[in-house]
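Heads up, the thing below is written out as structure tokens.
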Amino acid sequence: MTSIVIDTTTKEEQLKQLVTFAQKALEENGQVFELSGETQQEILLQLTEQSSELLATGAPEKDIEGFFATLANLGTKLKLTDDKVGRFVDLVSSALLSTKSKTELRLKSLVHFYNIGELENEHRFKVLKTILRIILEAESVSLLARQIIQKVQSLKSQLNLSPVQLKELNELFFLISDKLEPKSNASFTKLVTLLKELDDAQVQLPEIVEYARQIVIRSIQTPEVYQFDQILSLKAVQQLKVVKETEKLFELLEIFGSKGIDALQQFVDQNAGITEETGISKDDLFSKLRLLLLSSIGTLRNELSFDEIISNLKINEAELEEIVIQAIGYGILDARIDQINRSVVIVDTKPREFPLEWWTLLQQRLDTWKEHIAVVQQAVVSINSSNPGPQHRRNH
């Protein structure tokens with residue numbers, strides 16, 4: 001088998017190399033490659049169209065990668081017209097999506113096509129989308145794929161994409177993130193980003209409602225998510241309360257935003273099907289809300305008694321320690337348990353909402369802190385003025 005490499009040969013010689021390689025590879029696989037194109041551009045497009053068949057041959061992967069790299073190189077040299085560039089990119093994308101095997105080879109090949117000189121942003125967008133689709137469809141995500149994901153995330157801001165195009169890429173980013181880290185905080189964050197861009201792209205109601213529905217469920221499922229007022233403020237999420245099929249889901253979100261155990265108990269009693277709809281068990285619903293309540297009642301407090309926690313969370317004392325440890329583990333609470341004084345000493349909390357009165361309390365604490373700093377500074381000045389330090393003797 002003759003290897004294909006990019007070298008300093010002419011475009012005519014490179015094209016001949018590609019034809020020879022394709023003919024031999026397909027012949028060894030029991031297939032026939034019949035050249036029908038007349039012009040160099042037509043031959044290039046024919047080779048591209050049949051490139052999917054090369055992926056099924058026994059040709060070495062480095063040779064197939066060389067074939068695609070040379071195709072990309074010729075795409076620049078032959079100065080394809082606008083309509084043929086579009087067809088060229090579409091054919092490459094179709095060929096490299098035609099199989100589920102040789103994932104790394106296909107990704108490396110697409111990188112060559114992305115780097116074609118003078119390629120319009122519209123076509124670069126298609127290449128990036130194909131890259132993400134290949135990663136999403138792969139059985140596992142390799143180190144190379146992860147590196148490419150990071151690179152694509154940085155490239156998308158350079159392409160001046162439309163809101164709809166940006167939404168398409170971020171939708172794929174979310175699906176990949178969810179594949180890598182199901183129900184993780186990172187996956188949830190990408191879903192929020194996607195939902196904001198769906199708003200900007202003015203996506204039709206059925207699609208945006210489905211993503212809003214997902215974000216409500218994920219916000220409850222993801223332990224690290226605690227600020228529900230931000231979720232409730234999303235335009236797409238607000239649409240849930242005007243759609244009959246999702247109005248109860250919005251009501252559940254409001255409970256997690258600002259209400260307590262009694263409200264959740266009443267809601268669950270009246271909507272027995274909510275656990276099946278969300279895929280979240282009744283126990284998990286109450287566990288998440290208790291974590292949020294613990295953070296809320298501890299906000300701007302230095303200490304909480306066991307009795308106060310037990311009363312607010314509707315638990316027994318045996319459950320208290322586990323809930324506090326969970327809250328600390330998820331980063332919702334920074335605290336320690338004081339068994340002697342039967343209390344939880346709080347260093348910091350992350351509240352699920354931040355109403356005006358809390359801002360007022362924070363401002364008061366900041367003012368007090370400034371006053372204390374001023375007193376300390378004045379004390380330092382007084383000490384320095386009363387102790388001028390040793391005097392140096394003059395030399396006679």
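The values are calculated or read from the model by the stated rules, or taken from the named source; none is laboratory data. Because the structure is a prediction, the values reported are computed rather than measured. All Cβ positions, glycine included, derive from the backbone under ideal geometry; neighbour counts span all protein chains shown. Remember, those area values only see protein heavy atoms, side chains included, never the ligands or the DNA or RNA. Shrake-Rupley method; radii C 1.70, N 1.55, O 1.52, S 1.80 Å.
Over the chain, with the other protein chains present, what is the accessible area per residue in square angstrom, probe 1.4 angstrom?
The answer is 54 Å² per residue.
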Fill in the blank from the handout: The ratio Rg/Rh over the Cα atoms of the stretch 70-120, Rh being the Kirkwood inverse mean 1/r radius, stands at 0.98
Problem - Prolate/oblate/rounded label for the stretch 139-252 (Cα gyration tensor, a/c 1.5) - result: oblate
Practice task
Tell me which residues come under 5 Å, amide H to amide H, from Gln31 once H is placed; ignore anything under 5 positions away on its chain.
Solution key: none
Handout entry: Structure-based [θ]222 nm, the chain - -39500 (n - 2.57) summed over DSSP H runs of at least 4, per residue, nearest 500
Key = -21000 deg cm²/dmol
Fill in the blank from the handout: Inter-part gap, Cα centre of the stretch 284-311 to Cα centre of the stretch 153-177, in whole angstrom, is 39
Practice task
Please label the shape of the stretch 249-302 as rounded, prolate or oblate, based on the square roots a ≥ b ≥ c of the eigenvalues of the alpha-carbon gyration tensor (a/c under 1.5 means rounded; beyond that, a/b larger than b/c means prolate, else oblate).
Solution key: prolate
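Tell me, what is the FRET efficiency for Asp90 and Asp229 to the nearest 0.05, using R0 = 56 angstrom and their Cβ-Cβ distance as r?
Taking R0 as 56 Å, the efficiency between Asp90 and Asp229 is 0.80.
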Problem - Full-extension gain in nm, Ser157 to Ser258, via 0.36 nm per residue minus C-alpha separation - result: 32.7 nm
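Could you give the alpha-carbon Rg of the chain over 2.2 N^0.38 Å, rounded to two decimals? Before the final figure, lay out the partial values.
On the way: Rg = 31.3 Å, N = 396, 2.2 N^0.38 = 21.4 Å.
Cα Rg divided by the expected 2.2 N^0.38 Å: 1.46.
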Handout entry: Net charge of Cβ neighbours under 13 Å - reference Lys62; Lys, Arg +1; Asp, Glu -1
Key = -2
Completion exercise
Count of lysine pairs, the stretch 54-184, Cα-Cα under 14 Å, sep. 8 or more residues or interchain, comes to 9
